[in-house]
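In what follows, a single structure is set out as structure tokens and then discussed.
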2 protein chains.
Amino acid sequence: MTELRVGMLGCGIVGTAVADLLRSNGPEISLRTGAALRLMRVAVAHPEKHRRTTFDPGILTGSAAEVVADPRVDVVAEVIGGLEPARTLLLDAIERGKSVVTANKQLMARHGPELFAAAARAGVDLRLEASVGGGLPVIQFLKESLAANHIREVTGILNGTTNYILTKMADEGCEFDRALEEAQQRGFAEANPTDDVDGHDAAAKLAILATIAFHTPVRADDVYREGIRRVSPQDMQFARELGYAVKLLAIAREDEGRVEAHVHPALVPLTHPLAAIRNEFNAVFARGDAAGEMMIVGRGAGGLPTASAVVADLIDIARNRRTGARGRVGWDALEARPLRPMEEVACPFYLLMQVTDRPGVFARIATIFGEEAVSIASIVQKSRGQVADIVMVTHTALEAQMRRVLSRIESLDVLHAVRDVIRVTDGG
Amino acid sequence: MTELRVGMLGCGIVGTAVADLLRSNGPEISLRTGAALRLMRVAVAHPEKHRRTTFDPGILTGSAAEVVADPRVDVVAEVIGGLEPARTLLLDAIERGKSVVTANKQLMARHGPELFAAAARAGVDLRLEASVGGGLPVIQFLKESLAANHIREVTGILNGTTNYILTKMADEGCEFDRALEEAQQRGFAEANPTDDVDGHDAAAKLAILATIAFHTPVRADDVYREGIRRVSPQDMQFARELGYAVKLLAIAREDEGRVEAHVHPALVPLTHPLAAIRNEFNAVFARGDAAGEMMIVGRGAGGLPTASAVVADLIDIARNRRTGARGRVGWDALEARPLRPMEEVACPFYLLMQVTDRPGVFARIATIFGEEAVSIASIVQKSRGQVADIVMVTHTALEAQMRRVLSRIESLDVLHAVRDVIRVTDGG
């Protein structure tokens, strides 16, 4: 029986779940794979602290560097999170010829290409399934299952908190603030929700997925990003009347050698499979030139689902060890491709405007659209006394065109407010 | 650059798509994986026949045995289908130490355990992604992505033809015969539809998935099977009123060491992710003890999607070859577990009955349910003159109990017909 001796860095929610999972399913895993996973060393900030999960003597240590350097450790699993010291520790492990597993989204979204390159040079395995989508096997899906495909698009609902909030708003017609409060009470949102609701979390995940799908470095900062704070119950209702759901989408596409990546609220046709993803569920939709359209759905967070992905990666490395393979799924072919600036991204747009309800107003607005060559697909006008709501959906237009339209409309004296502008997905 | 020299057996729809895909995406695949896939020999029934795809001289041959025996062939990809000669050819290749890839559902559903055992003995890779669900990566999902989990359930919509027909019936309120005719006209159903509509195709696929998920031999003949011919537009409508969709489900579960596997129409709660799978799409829903509930969705058939899975398997073997690994994802731990007889499978049941509309009839029916200890969850009675429709949903009951209830009800003089009995899934 091959043994894979694991050194784990960190033992918070995910690390504890990894230890528990190895304990409960370890014997079955050994039987199935012919390889035993042994938790050899675990680095924690306070080794003396009382923990729910107990470890044999000598396993816990306060020094992560010691775990990485320990010659009895074959593979390093990093579940600390954050950029440093995680980055330095992983690079150290890789240089020592150890394969590594990471659940670290921020690190991979910012320094992924550097780590991939180091692993390729050292000929070791770098696996990162747990860094995106908890237990959802999106990395293996893109990197191995779709390996025969030229991937054209990866679109995901990558943040469970915002999907929960948007589902709540759609079902109950409530405002963003109330839905957020309920998500916080139910443990689906943090006290400081900005990482989720402003799209940072989804942008980091999308950077990782785009890097893998399109074989080009895409960093979190390369991803255009808008959060869901401006989405209103009115938007939800108008969208539904028009046949759409409102979702926070993370969209990456490759076309003519250029890659675009953006996170923002989007109107998704109710017939699109992503429209049916509710509550805290995550989903990744991908389109390959051979396999066609596919989607994976599941819970994208939580200790045990994330541990499921960490341990699956450890099993993969154990299978390599048993058969003498290293660096089996390589990372050595990243080529920098130009990113498409957001201004050159095209889609239809939904707009909700409040205008003074008097003759000629609509003509002035329509004239601006016409002059900027943005054609209008549908219009609904609802009068509310002195003020009218205008809901518009355009045909496909460039972001740059739409920005010109908006800046001209916003200077009209008859315009009270452009309440919201939401991009529309064309249904895949 | 590692080269993997492929011998392909068969060149029909899938084989032609494999050749086309290797041609179009081959250079990119080599670049990404560090391994070149080279189509070395292709066995076809009529090598002299004109084909859409052309091959270099010397590649086509009429003898599959020659391809298997050719020392220049590293790996054998079988896309002939059927039991023989596919089984003998694959066993021959395995004994010669060659890894094999197969798209053969019937073969794997009947002789899978024999082939797994032979591959384990020879230490070669046997990959079968294309045998279930076309391009959907369900095998890798269950066998690798969920490797850390004890899998509790695998439920799928595994047949696109029947899902198309049921979607049509639900949307348009039409009869089975008309929906089948339309599916045939649109190329979604065969002239002889029995393999699809009677559940044989789904049962074979479920046998493969259950074998993999539960590590026990499950053969197509072990799977209890009912098709969709009896499903009526009335069932569709009553189901919807009760909050369900009607789907042909393939269900496999493991509980207390026993495995159940059955294919039949089922009422699926509209809130269950499988209820949203429409038209010719396939989906596999799985539940692991760590990862929780997950689902994969995509087109489950077609030349190019299936070729995507065949080539992904070849890439996996090429990655093994490049790094010197063989028999990496083993098959050596199948243990025979007892199968749960259908009589001992429990679920709620939906029944649609036509009875004489006169006092006391319902009491007689209810008495039988009570005497057999099957409790009733809901009842709708709709009078149509002399005859009334009774729609009932029971609480969870054993198949055996339900069969006793049915045989007693059917002997009542006031009963015109038990129009349909459909099992209800409990929402996962």
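The values are calculated or read from the model by the stated rules, or taken from the named source; none is laboratory data. Computed from a prediction, not measured in an experiment: that's the story for all the values here. Neighbour counts run over all protein chains shown; Cβ positions are idealised from the backbone, glycine included.
Mind checking which residues of segment B:307-354 are small (Gly, Ala, Ser), more than 8 Å from chain A (Cβ to nearest Cβ) and in contact with a strand residue (DSSP E or B) (Cβ under 9 Å, 6 or more places away or on another chain)?
B:Ala318, B:Ala346, listed by residue number.
Tell me yes or no: at least one residue of segment B:258-267 is over 19 Å from A:Asp313 (Cα atoms), assigned to a loop (DSSP other than H, G, I, E, B), outside the structural domain of B:Ala397 (by TED's automatic domain parsing) and of a type in the set (D, E, K, R).
Our first condition is that a residue be over 19 Å from A:Asp313 (Cα atoms); within segment B:258-267, this holds for B:258-267.
Those left that are additionally assigned to a loop (DSSP other than H, G, I, E, B): none.
No: segment B:258-267 contains no residue that is over 19 Å from A:Asp313 (Cα atoms), assigned to a loop (DSSP other than H, G, I, E, B), outside the structural domain of B:Ala397 (by TED's automatic domain parsing) and of a type in the set (D, E, K, R).
Condition first: closer than 30 Å to A:Ile315 by Cβ and outside any helix (DSSP H, G or I). Can you find one or more residues in segment B:313-325 that meet it? Before you say what the answer is, go through the steps one by one.
Within segment B:313-325, the first condition is being closer than 30 Å to A:Ile315 by Cβ, and the residues that meet it are B:313-325.
Next, only the ones that are outside any helix (DSSP H, G or I) stay: B:324-325.
Within segment B:313-325, one or more residues are closer than 30 Å to A:Ile315 by Cβ and outside any helix (DSSP H, G or I).
Looking at A:Thr394, A:Thr367, which one is surrounded by 13 or more Cβ atoms within 10 Å (Cβ to Cβ) and polar (S, T, N, Q)?
A:Thr394
A:Lys98 passes all but one of (1) charged (D, E, K, R); (2) within 30 Å of B:Ile139 (Cβ to Cβ); (3) within 13 Å of another protein chain (Cβ to nearest Cβ); which number fails?
Going through (1) charged (D, E, K, R); (2) within 30 Å of B:Ile139 (Cβ to Cβ); (3) within 13 Å of another protein chain (Cβ to nearest Cβ) one by one, A:Lys98 breaks only (3).
Give the number of residues within segment B:181-212 that are touching a residue at least 24 places away in the same chain (Cβ under 8 Å) and in contact with a Pro (Cβ under 8 Å, 6 or more places away or on another chain).
Qualifying residue count for the region: 1.
Give the residues of segment A:341-370 that are part of a strand (DSSP E or B) and not β-branched (Val, Ile, Thr), sorted by residue number.
First pass over segment A:341-370, keeping only residues part of a strand (DSSP E or B): A:346-347, A:349-356.
Correct list: A:Ala346, A:Cys347, A:Phe349, A:Tyr350, A:Leu351, A:Leu352, A:Met353, A:Gln354.
Just for strands (runs of 3 or more DSSP E) wholly inside segment B:371-428: which have at least 1 residues that are acidic (Asp, Glu)?
B:387-394, B:415-424
Against the conditions (1) part of a loop (DSSP other than H, G, I, E, B); (2) of a type outside the set (Asp, Glu); (3) touching a Lys or Arg at 6+ places or on another chain (Cβ under 7 Å); (4) at pLDDT 95 or above, where does B:Arg229 fall short? Just the number, please.
Of (1) part of a loop (DSSP other than H, G, I, E, B); (2) of a type outside the set (Asp, Glu); (3) touching a Lys or Arg at 6+ places or on another chain (Cβ under 7 Å); (4) at pLDDT 95 or above, only one is false for B:Arg229: (3).
Considering each residue of segment B:277-306, count those that are assigned to a helix (DSSP H, G or I) and in contact with a strand residue (DSSP E or B) (Cβ under 8 Å, 6 or more places away or on another chain), and give that number.
2
Scanning segment A:171-204 for residues that are assigned to a loop (DSSP other than H, G, I, E, B), small (Gly, Ala, Ser) and surrounded by 19 or more Cβ atoms within 10 Å (Cβ to Cβ), which turns out modelled with the lowest pLDDT?
Here the answer is A:Ala189.
Looking at B:Leu90, B:Leu83 in this structure, which one is surrounded by 21 or more Cβ atoms within 10 Å (Cβ to Cβ) and either at positive phi or not hydroxyl-bearing (Ser, Thr, Tyr) (or both)?
Values: B:Leu83 fails: surrounded by 21 or more Cβ atoms within 10 Å (Cβ to Cβ).
After ruling out the rest, the residue left standing is B:Leu90.
Can you find a residue in segment B:47-60 that is surrounded by fewer than 22 Cβ atoms within 10 Å (Cβ to Cβ) and not in a loop (DSSP other than H, G, I, E, B)?
Looking through segment B:47-60, at least one residue is surrounded by fewer than 22 Cβ atoms within 10 Å (Cβ to Cβ) and not in a loop (DSSP other than H, G, I, E, B).
If A:Arg32 satisfies every condition in (1) crowded, with 18+ Cβ neighbours inside 10 Å; (2) over 31 Å from the mean Cα position of the chain (by Cα); (3) more than 14 Å from every other protein chain (Cβ to nearest Cβ) but one, which is the exception?
(3)
Can you name the residue in segment B:288-306 that is within 18 Å of B:Val101 (Cβ to Cβ) and at the interface with chain A (Cβ under 7 Å from one of its Cβ atoms) and is also surrounded by the fewest Cβ atoms within 10 Å (Cβ to Cβ) among such residues?
Result: B:Leu304.
Is it true that some residue in segment A:263-274 is touching a Ser or Thr at 6+ places or on another chain (Cβ under 6 Å), closer than 30 Å to A:Val418 by Cα and polar (S, T, N, Q)?
No: segment A:263-274 contains no residue that is touching a Ser or Thr at 6+ places or on another chain (Cβ under 6 Å), closer than 30 Å to A:Val418 by Cα and polar (S, T, N, Q).
Output yes when any residue across segment B:366-375 is more than 26 Å from B:Val268 (Cα to Cα) and without any contact (Cβ under 8 Å) to a residue 40 or more places away in the chain, and no when none is.
yes
Residues being within 27 Å of A:Val223 (Cβ to Cβ) and under 22 Å from the mean Cα position of the chain (by Cα): count how many of those fall in segment A:171-186.
5
Among the residues of segment A:254-274, what is the count of those that are buried (at least 20 other Cβ atoms within 10 Å of the Cβ), within 14 Å of another protein chain (Cβ to nearest Cβ) and at pLDDT 90 or above?
3
Are any residues in segment A:131-185 aliphatic (A, V, I, L, M) and either assigned by TED's automatic domain parsing to the domain that holds A:Ile317 or closer than 30 Å to B:Lys143 by Cα (or both), and if so, which ones?
Correct list: A:Val132, A:Leu136, A:Val138, A:Ile139, A:Leu142, A:Leu146, A:Ala147, A:Ala148, A:Ile151, A:Val154, A:Ile157, A:Leu158.
Please determine whether any residue of segment B:125-138 is in a helix (DSSP H, G or I), more than 10 Å from chain A (Cβ to nearest Cβ), under 17 Å from B:Val73 (Cα atoms) and at pLDDT 95 or above.
Residues of segment B:125-138 in a helix (DSSP H, G or I): B:129-131, B:138.
Filter once more, keeping what is more than 10 Å from chain A (Cβ to nearest Cβ): B:130-131.
In the following step, the residues that additionally are under 17 Å from B:Val73 (Cα atoms) were identified as none.
Looking for residues that are in a helix (DSSP H, G or I), more than 10 Å from chain A (Cβ to nearest Cβ), under 17 Å from B:Val73 (Cα atoms) and at pLDDT 95 or above, one finds none in segment B:125-138, hence no.
Just a yes or no: is a residue in segment B:146-160 without any contact (Cβ under 8 Å) to a residue 60 or more places away in the chain and in a helix (DSSP H, G or I)?
no
Hey, can you tell me all the residues within segment B:139-175 that are small (Gly, Ala, Ser), more than 13 Å from every other protein chain (Cβ to nearest Cβ) and touching a helix residue (DSSP H, G or I) at 6+ places or on another chain (Cβ under 6 Å)?
Result: B:Ala170, B:Gly173.
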